Amino acid sequence: MILNAKSALEVLNECLKTGADYSEIYYQDAMGRTYTRKYKKNQGVDITRTRGIGIRIIKDDEVVYGYTPYITKAAMVSLARKLAEAFQGDRKKTVNKLVKKQYPVRSPIEKPFSLLNESKIFRYLLRGEKAAYSYSEEIEQVTTGLCETQEHVEIYNSDSIMTQDDRIRTRLVCNVVSKRGESLKSSYKHKGLSKGLELLDETDFEKMCLNAAKISIALQSAIDGPSGEFPVVLGAGSGGVLFHEACGHPLEGCAISNKTSPFADKMSTKIASDIVNAYDDGTIENGWGTLSVDDEGNQTTKNQLIKDGVLVSYMLDKYTAKRMGNGYKPTGSARRESYLFPPTTRMTNTYIANGISKKEDIIKSVKFGIYCEDFTGGQVNPNTDQFVFTSDTAYLIEDGKITKMIKPTTFVGYGYEILKRITMIADDGRREPGFCSSDSGSIEVETGQPTILVSKILVGGQGGQL
């Protein structure tokens, strides 16, 4: 470990001298590389590095946080002393030792980036680019890229714990733009996991880029979608974004402990349809949001949030669990973008579990509705649980069949209502990588679900009542 136990103890105890209950040191060293092809040319490699120390002190319900890029004992002691001055009182606690905790490696790496060959990477990206351009003369622009990050973190805290984690993630991306007259349409596809270069071997990148090209061209002929309340089938994988935003965020400790979530004080009550089982699981092997240890030094967990429609758990960090009281404990959910941010409760790999229906039976059950294959983005108000989402890959369902593609469509509703309107869940669960922004910055998360039928969602298309 970068810091020695003796220096860490001195800093932790300096934090506690004015009566704080808890102190913590977070060390991060992260390197990122992005390889990009655009305008049919290699755009080079962008390299970033983030390295520094963050210190957090908690006293009762108050928290102070500071950071420094200087990795020296003097800089850390100075920062600790300044932060401790935010409180007044006498020392209540002294840390006498640190015990090193080692947790299972959740994301084994087969091909480390030390084996990377830059020219091979660009040839790989070129093959995907060519596949996209080959689909149609209307393909105007193709951007392909590989993003890889290598991160080492260490956590030392006044619970006498010191631990560390090494996190390696790789992501392939493709964005295709088509042009028909003055009309420009784009489609974005990506794949990411906590893996090394083996992800390239496991991914049919040419197929991924070709699929993006097909959707971009199809959007040129898409019709206006209907407006009103309709049955909506959410496709496997990226449809989980809706659950992540509209239901996952309101189940995070920051919203629950502040009692601003509609799910506050709802433990052990029915909040969803009987067939809904939902998890936040930071232990999935090689998952995009997987960690061996969270950013407070706690082991990540497979945390079932909803069981047969009943709320059975929240996502909590040390601070929010303390605020909740009543025996609540951290769930390994403390996360942050970097040492520049204090940690807070965040999701890891969040998904709705498989059901017993088949996708084709779900589609056949809908007389008229919408099939939503992918979301481009959205937002949720965690205080009200109201969401607004846009899908750029959606189709009409007519007489039990997927028919015409519709233009980007907006979906509006409340998460707590949608959970109760889920009437069928398929057995084709899939997870997709993404990024989530909140108080502790932008972090890697997975969202997932099988194909799901929601009996009705308010749809804001341009075609009126079709």
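The values are calculated or read from the model by the stated rules, or taken from the named source; none is laboratory data. Nothing here was measured: the structure is a model prediction, and the numbers come from that model. So basically every Cβ, Gly included, is an ideal-geometry build from the backbone, and we count neighbours across all protein chains shown.
E245 - would you say it is touching a residue at least 40 places away in the same chain (Cβ under 8 Å), of a type in the set (D, E) and outside the structural domain of I422 (by TED's automatic domain parsing)? No. List the residue pairs whose Cβ atoms are under 6 Å apart, where the first residue sits in the range 54-77 and is over 19 Å from D29 (Cα atoms), the second is charged (D, E, K, R), and the two are 6 or more positions apart or on different chains. Note: pairs meeting the criteria are I58/D21; K59/D21; V77/E14. Checked against (1) over 27 Å from R335 (Cβ atoms); (2) part of a strand (DSSP E or B), R431 passes all but a single condition, namely (1). Scanning the range 29-83 for residues that are of a type in the set (D, E) and more than 30 Å from L126 (Cα to Cα), which turns out surrounded by the fewest Cβ atoms within 10 Å (Cβ to Cβ)? My answer is D61. Being closer than 30 Å to T50 by Cα and in contact with a Phe, Trp or Tyr (Cβ under 8 Å, 6 or more places away or on another chain) is a description that applies to L316.
Residues that are assigned by TED's automatic domain parsing to the domain that holds G429 and part of a helix (DSSP H, G or I) occur at least once in the range 257-279. Filtering E373, E337 for residues that are touching a residue at least 24 places away in the same chain (Cβ under 8 Å), part of a strand (DSSP E or B) and not hydrophobic (A, V, I, L, M, F, W, C) leaves a single hit, E373. Just one residue in the set R123, R51, R81 is on the phi < 0 side of the Ramachandran plot, in contact with a Pro (Cβ under 9 Å, 6 or more places away or on another chain) and at pLDDT 95 or above; that residue is R51. Taken over the range 387-407, the criterion of being of a type outside the set (D, E, K, R) and within 18 Å of S227 (Cβ to Cβ) is satisfied by F387, V388, F389, T390, S391, A394, Y395, L396, I397, T403, M405, I406.
Of all residues in the range 171-199, those that are over 17 Å from T143 (Cα atoms) and either within 24 Å of the chain's Cα centre (by Cα) or part of a loop (DSSP other than H, G, I, E, B) (or both) total 9. Mind checking whether some residue in the range 354-377 is among the β-branched types (V, I, T), touching a helix residue (DSSP H, G or I) at 6+ places or on another chain (Cβ under 7 Å) and in the same structural domain as V276 (by TED's automatic domain parsing)? Scanning the range 354-377 turns up no residue that is among the β-branched types (V, I, T), touching a helix residue (DSSP H, G or I) at 6+ places or on another chain (Cβ under 7 Å) and in the same structural domain as V276 (by TED's automatic domain parsing).
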